[in-house]
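Read-outs throughout are calculated quantities, based only on the coordinates presented, and are distinct from any laboratory measurement. Because the structure is a prediction, the values reported are computed rather than measured. Here the Cβ is made from the backbone with ideal geometry for all residues, glycine too, and neighbour counts use every protein chain on show.
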Ligand code: T3D
């Protein structure tokens, strides 16, 4: 299947969605949203895919919403931005959150607006040292969307989340890693090799255990300790019956590398 605004490929268990509108800094327009939806539909039923990598072509990761797109452009009538969110951004975040595989985002150049939120919707974010994160929303009279008001306070705490959102100053990749917004900041030349290495590691891991870990941690953000212990018990019960648990323990006992199937 061919795409005009993204690249999508699956190779050796690693699926990759590359935002590909470099002349507009990979900002989202309607076509790109529609193509990402199509790529996710392929991915959701692709049993060979064990990890998703999201990255961007050109000099930036993603500049958020394409402000010149007719769907949001300023005209005689005010745009129905809530409809755009409902149609495009909300399903994007929810589908990424529910993918049956871990997700990894590589950020280079600038990530702005919904571009930051897209990155934060992924499980692991690695950024090049020269990258930056910009909560551009308040500059145009909007609020952090695409989950921004959920991700930011959870990752960096309310004081920093509010500072980032209200002041709309660029946050360097190094500071983002120091604050816990992202997993790691690496030298620019190391970004691709690092992401490839991590993607390979995740693709060879016990996929269901990774996905259940993510689910459990999210549930733990709103559960009581007692309820969370129940969640953990139930997931452990399920995983204890999996091939990958048997394989992991057998490999450990035999002092060999595990060959997980990811089922
Ligand atoms: O209606 C709604 O908005 C609903 C959805 C909201 C979700 C959101 O994401 S809201 C936030 C939208 N994004 C922004 O406000 C960011 C706008 N862009 C910028 O502030 C800057 O471009 C950057 C800080 C990201 C990068 O700056 P710089 O100096 O590196 O690049 P540049 O020269 O500004 O941009 C390069 C080109 O990309 C330029 O076009 P040109 O002059 O070469 O023809 C610029 O207009 C274009 N571009 C960058 N971002 C966007 C964009 N075009 C349309 N929409 C953009 N978001």
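For the reader, a short list of remarks on this structure follows.
- Residue among 163, 58, 75 with the largest mean-square fluctuation in a Gaussian network model of the chain, springs linking Cα atoms under 10 Å: 75
- Note on the stretch 207-254: Cα Rg divided by 2.2 N^0.38 Å, N the number of residues, gives 1.29.
- Taken over the C-alpha atoms, the stretch 165-263 has Rg and Dmax values of 18.1, 56 angstrom.
- Scattering profile of the stretch 117-163 at q = 0.18, 0.19, 0.29, 0.30 Å⁻¹ [log10 I(q)/I(0), Debye over alpha-carbon scatterers]: -0.59, -0.66, -1.26, -1.28
- Taken as Cα centroids, the stretch 127-174 and the stretch 1-70 sit 22 Å apart, rounded to the nearest whole angstrom.
- If you plug the beta carbon distance of residue 23 and residue 166 into 1/(1 + (r/R0)^6) with R0 = 35 Å, you get a FRET efficiency near 0.70.
- Prolate/oblate/rounded label for the stretch 94-150 (Cα gyration tensor, a/c 1.5): oblate
- Rule-of-thumb Rg ratio for the stretch 13-114 [Cα; 2.2 N^0.38 Å; N residues]: 1.12
- Cα-only radius of gyration and Dmax that characterise the stretch 110-225, units Å: 15.1, 44
- Distribution of pairwise C-alpha distances over the stretch 60-184, 10 Å bins, in %: 13, 46, 32, 8, 1
- Ratio of the Cα radius of gyration of the chain to 2.2 N^0.38 Å, where N counts its residues: 1.05
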